[in-house]
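Read the structure below first, then the notes.
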Amino acid sequence: MAETRAVPSHQARESSGHEGRRPGPAGRSDDMGIAEIRVHRRELAVVDGPYRVGANSFDHLDSTVVELITRSGLIGYGETCPLGPTYQPHHALGARAALAEMAPALIGHDARFIGLAHRVMDDALTGHAYAKAAIDIALWDLLGKACGMRVCDLLGGTAVQRVPSYWALGVCEPDEAARVAAEKQALGFKRLQVKVGGRALEEDIEAIRKVSRTLQPGVRLAVDANRTWTVADAITVSRLCADDVFVMEQPCDNLQETLALRGQVRHPIYLDESIEDLRALDWAIAHGAAQGFGLKVTRVGGLSAFRTIRDTCDAFHLPHTCDDAWGGHRPPAAPGGRLDRGALYPPALRPPEPDPNRGRVN
Ligand SMILES: [Mg+2]
């Protein structure tokens, strides 16, 4: 997996004498001090690719996996995998450069104090939440291992044992989109997303209508423009597709343009890319800019920030989903296996029906 390794020289010295040690229980507080940080590059192939989002097309993605190794030999894993360099103001080389910038400051930090670790990272580098997310996730993984608890339980406990997923259809010909939509519903998917944008608006409208006509009872549809529509485009689509039931996901580029749609469109608006942090969420809620949120763990800076955002959405009874742009979905392991995203949103706010299949997200 480790095509690339980025360990500052003094970190390598910190790690000497610890490499090869088997993980053991954390006893003394200094056992949980971070001794070494390893950063790996991993190229991920897009299954059934290329995957087209807006004007961009992907057949592989560049993921970054972080290993945090404590003095006791425990290892925590985190990952960040931008969806190319234009989906968000994130990119893979930037993530690894940011990690190299922050890593020296984290050496010696007690991994159990995650909030303080964020202060250390913020003192070393402003912004770059998507890079800090990989460290944050690895710290939660370490904390779970040190406590003998699953990360999902540290985050509040699992509300459900199985988490529903959805299938995202990349931008494609309207007839092909309808064919795939019907095929995935036959496989059991109860939630679909169709990508639009980066082409003539008429073709987007045709795709929405054709996919909408395939929907079986109980199946929900999100139409995701990934910031590509103008305000006028979104209003036009909503009016011409007034009889089609769907959520309009991130139709326009920014919060201000999204707010301009208020009262002008017939469909609920879900914000995705625009919710980069708690401040953006707070602004959107305060202004009534959206009726729900599609959230990404690494975009907002990791599980710590996501927990606050989850609880804020919950407090305002706003539907929200938890996923990530891409990646190997290497979860915080901890005892018992993996992060259960059921811990990240309560049952009342999750998509309606469980689905054993796994879909692509973003
Ligand atoms: Mg989206």
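The values are calculated or read from the model by the stated rules, or taken from the named source; none is laboratory data. Note that the coordinates shown come from a computational prediction; the quantities given were computed from them, not determined experimentally. All Cβ positions, even for glycine, are placed from backbone atoms using ideal geometry, and neighbour counts span all protein chains on display.
When GLY302 is tested against (1) surrounded by fewer than 23 Cβ atoms within 10 Å (Cβ to Cβ); (2) away from the ligand (no atom under 16 Å from the Cβ); (3) touching a residue at least 60 places away in the same chain (Cβ under 8 Å), exactly one condition is not met: (1). So is GLY127 free of Cβ contacts under 8 Å to residues at least 40 places away in the same chain and outside any helix (DSSP H, G or I) or not? Here the answer is yes, as GLY127 does meet what is asked. Does segment 32-44 contain any residue that is among the small types (Gly, Ala, Ser) and either modelled with pLDDT of 95 or more or surrounded by 20 or more Cβ atoms within 10 Å (Cβ to Cβ) (or both)? Checking segment 32-44: at least one residue is among the small types (Gly, Ala, Ser) and either modelled with pLDDT of 95 or more or surrounded by 20 or more Cβ atoms within 10 Å (Cβ to Cβ) (or both). Considering only residues in segment 204-218 that are assigned to a helix (DSSP H, G or I) and polar (S, T, N, Q), the one that is nearest to ARG266 (Cα to Cα) turns out to be SER212.
Give the residue, chosen from ASP110, ASP59, ASP122, that is closer than 30 Å to GLU176 by Cα, surrounded by fewer than 23 Cβ atoms within 10 Å (Cβ to Cβ) and of a type in the set (Asp, Glu).
Result of the check over ASP110, ASP59, ASP122: ASP59.
For segment 275-290, a residue qualifies if it is within 16 Å of the ligand (Cβ to nearest atom) and in contact (Cβ under 8 Å) with a residue 40 or more places away in the chain, and exactly one does: GLU276.
Could you list, in sequence order, all residues of segment 262-274 that are within 16 Å of the ligand (Cβ to nearest atom) and of a type in the set (A, V, I, L, M)?
Within segment 262-274, ILE269, LEU271 meet the criteria.
Each row is one residue, and each column tells you yes or no for (1) surrounded by fewer than 17 Cβ atoms within 10 Å (Cβ to Cβ); (2) in the same structural domain as GLN88 (by TED's automatic domain parsing); (3) at pLDDT 95 or above; (4) within 16 Å of the ligand (Cβ to nearest atom).
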| site | (1), (2), (3), (4) |
| --- | --- |
| VAL231 | no, no, yes, no |
| THR236 | no, no, yes, no |
| VAL245 | yes, no, yes, no |
| MET248 | no, no, yes, yes |
| ASP253 | no, no, yes, yes |
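Would you say GLY76 is outside the structural domain of GLU273 (by TED's automatic domain parsing), in contact (Cβ under 8 Å) with a residue 24 or more places away in the chain and surrounded by fewer than 19 Cβ atoms within 10 Å (Cβ to Cβ)? When the stated conditions are applied, GLY76 does not pass them.
For segment 128-149, what are the residues that are surrounded by 24 or more Cβ atoms within 10 Å (Cβ to Cβ) and among the aliphatic types (A, V, I, L, M)? Those that are surrounded by 24 or more Cβ atoms within 10 Å (Cβ to Cβ) and among the aliphatic types (A, V, I, L, M): ALA131, ALA133, ALA134, ILE135, ILE137, ALA138, LEU139, LEU142.
Meeting the requirement of 1 or more residues that are in contact with a helix residue (DSSP H, G or I) (Cβ under 9 Å, 6 or more places away or on another chain), the strands (runs of 3 or more DSSP E) wholly within segment 34-113 are 34-45, 60-70, 75-80. Output the residues belonging to segment 216-229 that are crowded, with 17+ Cβ neighbours inside 10 Å and touching a helix residue (DSSP H, G or I) at 6+ places or on another chain (Cβ under 8 Å). Selection gives VAL219, LEU221, VAL223, ALA225, TRP229. One residue stands out among those in segment 183-210 that are closer than 16 Å to ASN226 by Cβ and among the basic types (Lys, Arg): the one that is farthest from the ligand (Cβ to nearest atom), which is ARG199. Of the candidates THR258, THR230, the single residue that is in contact with a Cys (Cβ under 6 Å, 6 or more places away or on another chain) and of a type in the set (S, T, N, Q) is THR258. Screening segment 219-328 for helices (runs of 4 or more DSSP H) wholly inside it with 1 or more residues that are more than 30 Å from HIS91 (Cα to Cα) returns the ranges 231-240, 278-287, 303-315.
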